[in-house]
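Here's the structure, in structure tokens; my notes come after.
The values are calculated or read from the model by the stated rules, or taken from the named source; none is laboratory data. It should be emphasised that the depicted structure is a prediction, and the values quoted were computed from it without experimental measurement. Cβ coordinates were reconstructed from backbone atoms using ideal geometry, including for glycine residues, and neighbour counts include every protein chain displayed.
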Amino acid sequence: MRLSPDVGKFGGRSQRVEVMKENNSGFGIGQWTYIPLHRTYGFDFRIVARATTPVSIKFSIAPVNNLQDAVFVEIPIDYEWHTFTGHIDLPKRFNQNDLYQVSITSNKRANFVLDRILLYPDDHINGADPDVIKFLRDSQLPLLRWPGGNFVSGYHWRQGIGPIDERPTVPNPAWEGLEFNLFGTDEFISFCRAVGCEPMICVNAGNGTPEEAGEWVEYCNGSIDTPMGKLRAENGHPEPYNVKYWEIGNEIYGRWQVTWTTPDGNLDRYKRFSKAMLKADPTIKLLGCGLGNDPNSEWNYHLIEGIGKDLHCITDHILTGGAVNADTDPKDLYQAFMGYSVELERRYDKLRKKMSSAGIADPHLAITELQLFAHFQGEAKPDGKLDHNTMPRQDSISEAIYYMTIINTCVRLGGFVELLTHSATVNHGGGLRKDRERVYANPVHLAQKLGMYIANCVPVKTNLNCETYSTKHAYASIPPLNDIPVIDSIAGISPNGDLMIMLVHRGAECGTIDLTINTGGFKAKNKAKITTLAGETWYDRNTLENPEKIFLRSSEVDVLNNNQINISLSPFTITLIVIS
């Protein structure tokens with residue numbers, strides 16, 4: 001057999017397969033994969049192929065440990081390109097946990113070219129995993145950012161629309177590998193509608209042009225009387241998508257971005273991109289690319305002063321922590337992360353004042369990426385203080401607590417922070433994990449779900465007296481911290497009149513804390529509901545083998561006659577109290 005690169009039906013890369021002689025087992029190409037047999041045994045396929053002379057190829061699915069037990073269909077191909085679609089039902093004897101081989105082979109001498117091979121479980125939702133959609137919908141996710149991230153600085157949206165087979169496969173501009181353009185603008189909007197969330201798009205302000213961004217806005221929001229609105233309708237979507245939030249560039253200050261720039265370059269790009277995008281739809285909200293949370297940084301200063309009153313919102317990515325190693329004090333590192341929100345609150349308040357002084361009447365901040373960002377370097381040591389598994393990680397309870405302390409800070413800033421999107425959705429940072437086709441929640445996903453219970457509350461002031469802690473070392477942009485309250489708290493009144501209290505125990509050294517809550521003049525019933533997200537250590541996490549080790553636990557507590565509640569808070573916990 002011989003393999004070589006070739007050109008697909010609409011250009012781009014395809015795979016030529018030459019079977020040099022007749023054979024009994026079948027020669028060709030295959031891929032090992034897990035498949036979601038825990039949900040369905042039915043699968044839909046789509047194959048684009050041609051051959052130099054007519055031949056029948058075999059599309060098969062078989063357990064890797066028993067390749068003779070294959071389910072297959074015969075597909076006749078000839079000199080012209082054809083698209084073949086069909087359905088395969090796998091037998092119930094196939095084990096849900098086994099590894100499978102998907103292959104295309106021929107027993108005859110053959111010379112054929114494969115342009116696309118797609119296999120979907122028949123319960124997919126417009127190409128998306130229904131388990132992922134269910135998790136996100138159940139969490140009441142309010143908004144989803146797409147398509148990046150570093151990826152967007154080299155992404156061209158026109159490549160991801162139109163008939164699937166006509167979309168090019170191109171190198172991934174940020175993360176190596178390939179981008180198949182199966183999930184483009186129309187699929188993103190469909191995904192958001194299935195989840196029930198609002199879409200937010202970050203445009204390519206790296207190697208993209210203002211005209212390209214403006215056309216993207218028109219494609220999403222324009223009427224069918226506009227050129228791009230007409231194109232959207234031709235692609236099967238006559239009604240405008242009405243995408244409200246648009247971010248101009250991702251981290252284009254960084255040399256890791258495709259076509260990064262300088263502070264003045266960012267100002268120039270914002271002016272040109274905003275003009276083109278607002279021309280397409282003057283009602284959209286634009287987010288300018290900010291750098292960190294220092295109001296006096298050259299990057300932020302140029303954007304704020306250069307745009308002035310027309311700058312609605314500036315972005316920040318909370319991605320800090322720096323390099324750590326086996327000699328790093330794990331408790332100091334953990335408590336530095338968990339106390340960072342106190343420092344952020346101070347910095348963000350200065351940023352708001354800086355924007356106001358530049359003539360921005362209603363300044364806003366958008367935190368469009370957030371996750372723990374310490375990186376373990378060097379070798380682990382048998383007697384080391386820290387290793388990769390015991391450090392605060394995005395898939396651990398630490399990420400959930402970190403996230404909630406920053407949410408609490410955003411609430412205390414009184415509307416300055418307009419939105420926050422966590423990094424990321426699946427298999428990158430925290431959020432959801434998909435492993436061997438099984439989807440489960442990282443603790444931070446559960447924290448997001450818990451946080452949505454207070455999303456529509458009217459904040460009320462809290463007075464908190466508790467122990468404090470300090471840290472010794474700096475970790476990237478996190479300085480040594482002093483007098484950080486061990487308990488972080490916010491409270492609010494829900495639309496139906498309940499008092500909601502969110503408490504985070506972020507200390508690593510003081511153990512369980514007995515807390516007395518006085519609700520003041522709030523007339524409470526005799527029981528309060530409690531929902532808790534907890535770990536036994538700061539590095540506890542869910543895994544494929546134990547996907548619900550950390551979960552939301554419900555209980556009740558008495559409300560005393562004097563409107564007091566006594567509660568014990570363990571370390572590494574988030575607690576929501578609902579008092580009716």
Go through the stretch 184-243 and give me each residue that's within 22 Å of the chain's Cα centre (by Cα) and among the acidic types (Asp, Glu). ASP186, GLU187, GLU198
Please state which one of ASP138, ASP165 is surrounded by fewer than 17 Cβ atoms within 10 Å (Cβ to Cβ), more than 19 Å from the chain's Cα centre (by Cα) and farther than 21 Å from GLY290 by Cβ. ASP165
Is it the case that some residue within the stretch 216-235 is within 18 Å of ALA128 (Cβ to Cβ) and either polar (S, T, N, Q) or free of Cβ contacts under 8 Å to residues at least 60 places away in the same chain (or both)? yes
Given the conditions (1) closer than 26 Å to LEU370 by Cα; (2) surrounded by fewer than 17 Cβ atoms within 10 Å (Cβ to Cβ); (3) polar (S, T, N, Q), and given that ASN126 satisfies all but one, which numbered condition is not satisfied? (1)
Quick one: which of ASP294, ASP264 is among the acidic types (Asp, Glu), in a helix (DSSP H, G or I) and over 20 Å from GLU215 (Cβ atoms)? ASP264
Total residues in the stretch 304-340, condition assigned to a helix (DSSP H, G or I) and closer than 17 Å to PRO571 by Cβ: 10
What are the residues in the stretch 90-136 that are in contact with a helix residue (DSSP H, G or I) (Cβ under 7 Å, 6 or more places away or on another chain) and among the polar types (S, T, N, Q), if any? ASN126
Unique residue being under 22 Å from PHE373 (Cα atoms) and surrounded by fewer than 16 Cβ atoms within 10 Å (Cβ to Cβ) when the list is HIS473, HIS422: HIS473
Screening ASP98, ASP69 for residues that are acidic (Asp, Glu), under 36 Å from the mean Cα position of the chain (by Cα) and either surrounded by fewer than 15 Cβ atoms within 10 Å (Cβ to Cβ) or not in a strand (DSSP E or B) (or both) leaves only ASP98
LEU267 meets each of (1) closer than 30 Å to GLY321 by Cβ; (2) of a type outside the set (Gly, Ala, Ser); (3) surrounded by 21 or more Cβ atoms within 10 Å (Cβ to Cβ) with one exception, condition (3)
Can you go through CYS192, CYS202 and tell me which one is in contact with an Asp or Glu (Cβ under 8 Å, 6 or more places away or on another chain), buried (at least 17 other Cβ atoms within 10 Å of the Cβ), more than 14 Å from GLU247 (Cβ to Cβ) and in the same structural domain as LEU141 (by TED's automatic domain parsing)? CYS192
Residue hits (the stretch 138-152; out of contact with any His (no Cβ under 7 Å at 6 or more places or on another chain) and polar (S, T, N, Q)) are GLN140, ASN150
Going by the conditions given, is LEU413 in contact with a Leu (Cβ under 7 Å, 6 or more places away or on another chain) and farther than 17 Å from LEU544 by Cα? no
Test set (1) surrounded by fewer than 22 Cβ atoms within 10 Å (Cβ to Cβ); (2) in the same structural domain as TRP216 (by TED's automatic domain parsing) - TRP299 fails condition number: (2)
Scan of the stretch 273-289 for residues that are among the aliphatic types (A, V, I, L, M) and outside any helix (DSSP H, G or I), ordered by number: ILE284, LEU286, LEU287
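Okay, residues lined up against (1) assigned to a loop (DSSP other than H, G, I, E, B); (2) acidic (Asp, Glu); (3) under 21 Å from PRO227 (Cβ atoms); (4) touching a strand residue (DSSP E or B) at 6+ places or on another chain (Cβ under 6 Å):
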{"position": "ARG158", "(1), (2), (3), (4)": "no, no, yes, no"}
{"position": "ASP165", "(1), (2), (3), (4)": "no, yes, no, yes"}
{"position": "TRP175", "(1), (2), (3), (4)": "yes, no, no, no"}
{"position": "PHE183", "(1), (2), (3), (4)": "yes, no, no, no"}
{"position": "ASP186", "(1), (2), (3), (4)": "no, yes, yes, no"}
{"position": "PHE191", "(1), (2), (3), (4)": "no, no, no, yes"}
Selection count, the stretch 500-526, where residues are without any contact (Cβ under 8 Å) to a residue 40 or more places away in the chain and either assigned to a strand (DSSP E or B) or in contact with a Pro (Cβ under 9 Å, 6 or more places away or on another chain) (or both): 0
Yes/no for SER25 being more than 31 Å from the chain's Cα centre (by Cα) and farther than 25 Å from GLU179 by Cβ: yes
Candidate set: the stretch 430-452, residues that are among the hydrophobic types (A, V, I, L, M, F, W, C) and over 16 Å from LEU370 (Cα atoms); chosen: the one surrounded by the most Cβ atoms within 10 Å (Cβ to Cβ): ALA441
Is there any pair with a first residue in the stretch 1-15 that is more than 13 Å from VAL48 (Cα to Cα) and a second that is of a type in the set (Phe, Trp, Tyr) and surrounded by 15 or more Cβ atoms within 10 Å (Cβ to Cβ) whose Cβ atoms are under 8 Å apart and which are 6 or more apart or on different chains, and what are they? MET1/PHE27
Flag for ILE104 being surrounded by 20 or more Cβ atoms within 10 Å (Cβ to Cβ), modelled with pLDDT of 95 or more and either assigned to a strand (DSSP E or B) or out of contact with any Asp or Glu (no Cβ under 8 Å at 6 or more places or on another chain) (or both): yes
Examine the stretch 44-54 for a residue that is of a type outside the set (Ser, Thr, Tyr), part of a loop (DSSP other than H, G, I, E, B) and under 18 Å from PHE112 (Cβ atoms), and state whether such a residue exists. yes
The condition of being touching a residue at least 60 places away in the same chain (Cβ under 8 Å), of a type outside the set (Lys, Arg) and out of contact with any helix residue (DSSP H, G or I) (no Cβ under 7 Å at 6 or more places or on another chain) holds, among ASP383, ASP362, ASP395, only for ASP395
For the stretch 554-573, give me each residue that is outside any loop (DSSP other than H, G, I, E, B), exposed (fewer than 15 other Cβ atoms within 10 Å of the Cβ) and hydroxyl-bearing (Ser, Thr, Tyr). SER554, SER555, SER568
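So if I check each of CYS202, CYS192, which one is of a type outside the set (Val, Ile, Thr), within 30 Å of ASP131 (Cβ to Cβ), touching a helix residue (DSSP H, G or I) at 6+ places or on another chain (Cβ under 8 Å) and modelled with pLDDT of 95 or more?
Details: CYS192 fails: touching a helix residue (DSSP H, G or I) at 6+ places or on another chain (Cβ under 8 Å).
After applying the criteria, what remains is CYS202.
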